[in-house]
1. Give the carbon-plus-sulfur fraction of the accessible surface of the chain in %, rounded to a whole number; probe 1.4 Å, heavy atoms of protein chains only.
2. For residue 5, what charge total do you get from the other residues with a beta carbon under 12 Å from its beta carbon, if Lys and Arg give +1 and Asp and Glu give -1?
3. Taking θ as phi - 60°, what are the ³J(HN,Hα) couplings along region 24-37 by the Karplus curve (6.51, -1.76, 1.60), each to the nearest whole Hz, with x for Gly and Pro?
4. Can you count the Lys pairs in the chain with C-alpha separation below 16 Å, eight or more apart or on different chains?
5. In whole Hz and in residue order, list the ³J(HN,Hα) couplings for region 52-57 that follow from phi through the Karplus curve 6.51 cos²θ - 1.76 cosθ + 1.60, θ = phi - 60°; x for Gly and Pro.
6. Order the peptides 16-28, 66-78 from the highest to the lowest mean number of other Cβ atoms within 10 Å of their residues.
7. Give me the extension gain from residue 74 to residue 41: residue separation times 0.36 nm, minus the current Cα-Cα distance, reported in nm with one decimal.
8. Along the charge dipole of the chain, Cβ charges K/R +1 and D/E -1, which of 58, 8, 74 sits furthest on the positive end?
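The values are calculated or read from the model by the stated rules, or taken from the named source; none is laboratory data. What you see is a predicted model; the values in this text were computed from it and never measured. Virtual Cβ from ideal backbone geometry, glycine too; neighbours counted across all protein chains shown. What goes into the accessible areas is simple: the full protein's heavy atoms, side chains included, and nothing from ligands, DNA or RNA. Shrake-Rupley method; radii C 1.70, N 1.55, O 1.52, S 1.80 Å.
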Amino acid sequence: MNVDDEGLRSICTYIEKVNTIEYLDLMDNNITPLGCEFLSRTLINPNNKIVKLKLDNNPITTKGIAELSIGLRQNSVVEKLSFNYCQIDAK
């Protein structure tokens, strides 16, 4: 079963409440740029503890990476990222 964007929105709400998630692996869950927008807002939260983020095999595209970069540039916790096979172009 895929998490999809709405499932990721629920996960982000949970993460913001508990602030104990250190490793988030959502490989092959049909996450799109919309889901990346939800996740980006969570990454901005200063109480966020996500250290490793793995989103391989999702249709994130370059637009999704642009959304995630908003949260990532304000985040000092994330150390490892993985976006293999996410339809990201050379731009």
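1. Numbers: 2720 of 5410 Å².
The nonpolar share, carbon plus sulfur, comes to 50 percent.
2. Around residue 5, the surrounding residues sum to -3.
3. Running phi through 6.51 cos²θ - 1.76 cosθ + 1.60 with θ = phi - 60° gives 10, 10, 10, 5, 6, 10, 6, 8, 10, x, 4, x, 5, 5 Hz.
4. Close lysine pairs found across the chain: 5.
5. My calculation for region 52-57 gives 10, 10, 10, 10, 4, 6 Hz in order.
6. Values: 16-28: 12.6, 66-78: 16.1.
Result, highest mean first: 66-78, 16-28.
7. Details: separation 33, 0.36 × 33 = 11.88 nm, distance 1.00 nm.
Here the answer is 10.9 nm.
8. Result: 74, furthest along the dipole toward the positive end.
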